[in-house]
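Structure first, commentary second.
Taken together, the values in this text are just the output of simple stated rules run on the coordinates, not laboratory data. Note that this is a predicted model, so its numbers are computed, not measured. Positions of Cβ are generated from backbone atoms using ideal geometry, with glycine treated the same way; all protein chains shown enter the neighbour counts.
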Amino acid sequence: MRIAVLGAGSLGTIAGAYIAAGGQDVELIDVYQEHVDELNQSGAKITGTTDFQVKVKAITPKNMSGTYDLVLLLTKQLYNDSVLQGLLPFLNETSVFLSLQNGIPEEKVAAIVGRNRVIAGSVEFGATFIQPGISSLTTEYNHFKQYAFQIGELNGETTERIRQIQTILNLVGGTHISDNLVGTKWSKLLINNAFSGLSAALNTNFGGVLDHETSSISAVHIADETIKVGHAAGVQFAKMNGFDIASLEVKKAHDIPERVKAFQQLMASSKLLKASMLQDLEKKRKTEINYINGVVSELGEKLGVATPFNNLVVQLVKQAEDLQTVTNFETNMPFFAELVNHH
């Protein structure tokens, strides 16, 4: 089987390194020439909670050739149209796309490469890009080896091809097949919407969102909108670490303090996290806001579900993007306060 890791950033470098170490025919594909050169010269070096180095083959997209049987999609959704169109000539009839991106890109990926080619995936470990050729594993190593990925067919079936992909990904870390991976991705989208979105819109970490009354109530409303849109789209939300995410839905006004309390417990260990979208704003880069909160706004409009809190997050982050600046907590908080007061 010929494998491509498309987007060899922090996560892709780790996945590609372990797949290569397992003796598979794998190419790490990335647009960052210096990174590609270093991977070819010195191999992929993984630091952090482990210390591991292995020889890999890396190329830029313009050097792709032949066809790939399996593509691990780890690029940002921002670039999906051009990235996927560029890959079409390098696919065969049975090529499989494993979408490991944030958010819920599967339907849009399927529209370009064909639905029968798409399997949904979820990355369950963390990593940081250190420098060309080096990625740091930030998840505790034993946990990573037990729980690195979840994968699932879009229809929930356990097929022969998904078992084959599980075997390959087990070379990286524990890979689990789910019969509701779409529900898992929606549950993760909800957390991203409520915390990454607000972190970017308010220029704070997750703790800053939790510790302020208005922003914590806003997080509850963002979660509630995501659940209502998901349900309207026929999604069954998957539990996260045993917690029933769908129970965060707000059915009456006096549910809100309880939902805030639930978030305080659920997110207690993540208070120091700063959204990658906020880091993108700091680097004057485009964010994935259209594919995080924006997905709920877009679907809500189609399905007739109001999403004012998600809409506001999208508006504020895009405004900062356009101005090539970072957001400001004091400036943007009154906008959320106004929405909260109207609910």
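A dipole drawn for the chain from +1 and -1 charges on Cβ atoms has a positive end, and of V209, G133, G22 the residue lying farthest that way is G22. Per residue, the convex hull spanned by the Cα atoms of the stretch 188-325 amounts to 97 cubic angstrom.
When every alpha-carbon pair in the stretch 248-334 is counted, what percent end up more than 22 Å apart? Walk me through the numbers before you get to the answer.
Numbers: 1588 of 3741 pairs.
For the stretch 248-334, the share of Cα pairs beyond 22 Å comes to 42 percent.
Distance from the alpha carbon centroid of the stretch 97-153 to that of the stretch 166-193 works out to 8 angstrom. At an R0 of 25 angstrom, the distance between the Cβ atoms of T128 and Q24 translates into a FRET efficiency of 0.50. Taking a straight line from the alpha carbon of K185, these aspartates and glutamates sit under 13 Å away, with near neighbours fewer than eight places off in the same chain left out: E106, E107, E124, E153.
Would you mind calculating the gained length between E140 and M240 on full extension (0.36 nm times residue separation, minus the Cα-Cα distance), in nm to one decimal? Write out the running numbers ahead of the final one.
Numbers: separation 100, 0.36 × 100 = 36.00 nm, distance 1.87 nm.
Separation in residues times 0.36 nm, less the Cα-Cα distance, equals 34.1 nm.
Please give the charge dipole size of the stretch 1-138, origin at the Cα centre, charges +1 on K and R Cβ atoms and -1 on D and E Cβ atoms. Round to the nearest 20 debye. Don't jump to the answer; show the numbers that get you there.
Working: 9 positive and 13 negative charges, 20 e Å.
Roughly 100 debye for the stretch 1-138.
Applying a DSSP loop filter and a limit of 14 other Cβ atoms within 10 Å to the GluC sites (Glu not before Pro) in the stretch 104-153 leaves E140. Think of the stretch 164-255 as a dipole: +1 on every Lys or Arg Cβ, -1 on every Asp or Glu Cβ, centred on the Cα centre; then among N192, Q164, G174, Q164 lies furthest on the positive end. Each Cα pair under 8 Å and six or more residues apart adds its sequence gap; the mean of these over the residue count of the chain is a relative contact order of 14 percent. For the stretch 1-103, the alpha carbon positions stretch 37, 27, 23 Å along the principal axes, listed from largest to smallest.
Just flag the trypsin sites (Lys or Arg not before Pro) in the stretch 241-318 sitting in loop per DSSP whose Cβ has no more than 16 other Cβ atoms within 10 Å.
Numbers: sites: K251, K252, R259, K261, K271, K274, K283, K284, R285, K286, K302, K318; in loops: K251, K252, K271, K274, K283, K284, R285, K286.
Qualifying residues, ordered by number: K251, K252, K271, K283, K284, R285, K286.
Is the shape of the stretch 16-63 best called rounded, prolate or oblate, per the rule: a/c under 1.5 gives rounded, else a/b larger than b/c gives prolate, else oblate, with a ≥ b ≥ c the square roots of the Cα gyration tensor eigenvalues? Oblate shape, in that a/c is at least 1.5 and b/c is the bigger or equal ratio.
I need the semi-axes of the equivalent ellipsoid of the stretch 54-188: take the C-alpha gyration tensor, multiply each eigenvalue by 5, square-root it, list largest first in whole angstrom.
Numbers: eigenvalues 96, 84, 44 Å².
Ellipsoid half-lengths, sorted descending, are 22, 20, 15 Å.
Of all DSSP beta bridges confined to the chain, the antiparallel ones make up roughly 30%. Pairs spanning more than 31 Å between alpha-carbon atoms, out of K239/K284; K55/K284; K108/K228; K188/K251; K76/K252: K239/K284; K55/K284; K76/K252. Rounded to the nearest 10 degrees, the inclination of helix 256-266 to the longest alpha-carbon principal axis of the chain is 30 degrees.
Computed from Cα positions, the angle between helix 293-303 and the longest principal axis of the chain comes to roughly 70 degrees.
For the chain, the longest principal axis of the alpha carbon atoms and the long axis of helix 33-42 meet at an angle near 50°.
Taking packing as the residue-averaged number of other Cβ atoms within 10 angstrom, the listed peptides 3-11, 225-233, 160-168 run from highest to lowest as 3-11, 225-233, 160-168. Model label sites at L323 and E107, defined 7 Å from Cα along the beta-carbon direction, differ in position by 3.3 nm.
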